[in-house]
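First comes the structure, then the notes that go with it.
All of the numbers you see were taken from the coordinates with simple rules; none came from a lab. Computed from a prediction, not measured in an experiment: that's the story for all the values here. No Cβ is skipped: glycine too gets one built from the backbone with ideal geometry, and neighbour counts run over all protein chains shown.
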Amino acid sequence: LSARGVAVHLRDRDPDSVSTAASRGAGSAEPPAGPVDLAVVAVPPAHIATTVAELQREGAARGYLDVGSVKGGPRRELVERGGDLSLYLGTHPMSGREKSGPLAASADLFEGRPWVLTPTAQTQTEVLNLALELVALCQAVPVVMDADAHDRAVALVSHTPQLLSSLVAARLESADETAVRLCGQGIRDVTRIAASDPRMWLDILSANPGPVADVLAAVADDLDETVRALRALESADQHKRAEGVEGIEGILRRGNAGRSRVPGKHGQAPTAYETVVVLISDQPGELARIFADAGRAGVNIEDVRIEHATGQQAGHVQIMVEPQAAARLSEALRERGWAIRQG
Ligand SMILES: NC(=O)c1ccc[n+]([C@@H]2O[C@H](COP(=O)([O-])OP(=O)(O)OC[C@H]3O[C@@H](n4cnc5c(N)ncnc54)[C@H](O)[C@@H]3O)[C@@H](O)[C@H]2O)c1
Ligand SMILES: O=C(O)C(=O)C[C@]1(C(=O)O)C=C[C@@H](O)C=C1
């Protein structure tokens, strides 16, 4: 917002967070001279209602919104606390990081991502319009939803995945080092969000326990079936083994079908990009050189991943591009001395 010319005033119960955010250019650590247009509340879900109610009592803004990961509970709590629902809008940007705090913040976090808005019949149009302006300034995509429907949806697409990532990572806690050192990209992909702050997630899950338990119970049924199918694969009985194959194949195919529904960049249907893999050494400026060389070849990079080789000062950069650009990119990079690996 600051980069787009909006006057932003920062406030937090932790003064260090305010000064760090201010020093990174997020806004001013000074309080505003009078009421602001919009108060954006970004505190843990358990503190949303009290914070909004307190700001409303101060008359701090013309409109109030929060960005919490759960929407139903905080709104009900705000009603209990006598908050003014006409000036409040519950929202949730569907983008985040596994790291918290101002040092982990990035200005382009919300670009192209869904940003849920949960207006009610009471919400003033002016407040909704202020929120839509905020979403547009962050280049996110507004999605209007009912608060409880939102909570059921995020139980499926965000909260249960967080728990499953933690559960997979938890198996490594006391695993033998000989196993852990074999970790490849698969487990890195599955466990990235297991590095999230447990306090924040405890707060989120405490505010949405029922819907998450419902999804997790369905996953537990699938897990039971998968274990049964794997045991059947161990059987000497041919008929049982065939049942096991069917069970495992079923779950893998259902996984393919589900994964194919995950929207791609900017919320479109997933695009099948082709991957060009380039070997890089762990030296400053290597990535910038690859990007510059791709730019010179007139190739638009759609997505990038870096796979670090365990224990080596090298890694593979996976550059995802439109299929028709892959051969051109490989050739151009090879000409400029890069080692291209099989994708
Ligand atoms: N991190 C994500 O991926 C993500 C994504 C979307 C939404 N959210 C939601 O955004 C909100 C903030 O999460 P975050 O990741 O920015 O966490 P964060 O820890 O980086 O920031 C939370 C801030 O709230 C402050 N705070 C806590 N209690 C307070 C209180 N009572 N009054 C004033 N300030 C208080 C803390 O000092 C901290 O600076 C949460 O509701 C979370 O559910 C997080
Ligand atoms: O990608 C991450 O690291 C996130 O934390 C993102 C994520 C998500 O599940 O997509 C997590 C919680 C937030 O409420 C919104 C976004």
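For the chain, modelled as a GNM with alpha-carbon contacts under 10 angstrom, which of ASN256, ASN129, ASN208 fluctuates the most?
ASN256
Which one, PRO93, PRO45, PRO31, has the greatest fluctuation when you compute a Gaussian network model over the chain with C-alpha springs under 10 angstrom?
The residue with the greatest mean-square fluctuation here is PRO31.
With the contact rule set at Cα under 8 Å and sequence spacing of 6 or more, what percent relative contact order holds for segment 276-335?
Normalised by residue count, the contact order of segment 276-335 is 43 percent.
Given a cut-off of under 8 Å on Cα pairs at least six residues apart, what relative contact order in percent is computed for the chain?
Dividing the mean separation by the residue count of the chain yields 11 percent.
Using a 7 Å offset from the Cα along the Cα-to-Cβ direction at both THR50 and LEU109, what is the distance between the two label points in nm, to one decimal?
According to this spin-label approximation, the distance is 2.2 nm.
Using Cα centres only, tell me the gap between segment 60-88 and segment 271-343 in whole Å.
If we compute the Cα centre of each part, the gap is 46 Å.
Post the alpha-carbon centroid distance, segment 92-137 to segment 158-200, in whole angstrom.
28
Using the per-residue mean of other Cβ atoms lying within 10 Å as a proxy for protection, in what order, highest first, do the peptides 49-55, 318-324, 238-244 fall?
Numbers: 49-55: 20.1, 318-324: 16.7, 238-244: 13.7.
By packing density, highest mean first, the sequence is 49-55, 318-324, 238-244.
Please say if segment 152-259 is rounded, prolate or oblate, where rounded means a/c under 1.5 for a ≥ b ≥ c the square roots of the C-alpha gyration tensor eigenvalues, and otherwise the choice is prolate for a/b larger than b/c and oblate otherwise?
It comes out oblate by the Cα gyration axes.
Residue by residue, what Karplus-based ³J(HN,Hα) values in Hz, rounded to whole numbers, does segment 8-17 have, using 6.51, -1.76 and 1.60 with θ = phi - 60° and x for Gly and Pro?
Karplus values, whole Hz, x for Gly and Pro: 10, 10, 9, 8, 7, 6, 9, x, 5, 4.
Which residue fluctuates the most in the chain, going by a Gaussian network model with Cα springs under 10 Å, if the choices are ALA272, ALA131, ALA147?
Ranking ALA272, ALA131, ALA147 by mean-square fluctuation puts ALA272 first.
Using label points projected 7 Å from each Cα along Cα→Cβ, tell me how many nm separate ILE340 and LEU287, to one decimal.
2.3
Once phi is turned into ³J(HN,Hα) by the Karplus curve 6.51 cos²θ - 1.76 cosθ + 1.60 with θ = phi - 60°, what whole-Hz value does each residue of segment 111-125 show in order, with x for glycine and proline?
Calculated HN-Hα couplings, in order: 4, x, 9, x, 10, 6, 10, 10, x, 10, 4, 7, 4, 5, 4 Hz.
Helix 209-233 versus the longest principal axis of the chain: what angle, 0 to 90°, nearest 10, using Cα atoms?
Between the helix axis and the principal axis of the chain, the angle is about 10 degrees.
Label ALA272 and ALA220 with points 7 Å out from Cα along Cα→Cβ: what is the distance between them in nm?
It works out to 3.9 nm between the two label points.
Length gain on complete extension for the stretch GLN313 to ASP146, per 0.36 nm per residue less the alpha carbon to alpha carbon distance?
Contour length minus Cα-Cα distance gives 55.2 nm.
Taking a ≥ b ≥ c as the square roots of the eigenvalues of the Cα gyration tensor of segment 1-157, is the shape rounded (a/c under 1.5), prolate (a/b larger than b/c) or oblate?
Here segment 1-157 falls in the rounded category.
Between 0 and 90 degrees, rounded to the nearest ten: what's the tilt of helix 238-259 against the longest Cα principal axis of the chain?
The angle comes out at about 40 degrees.
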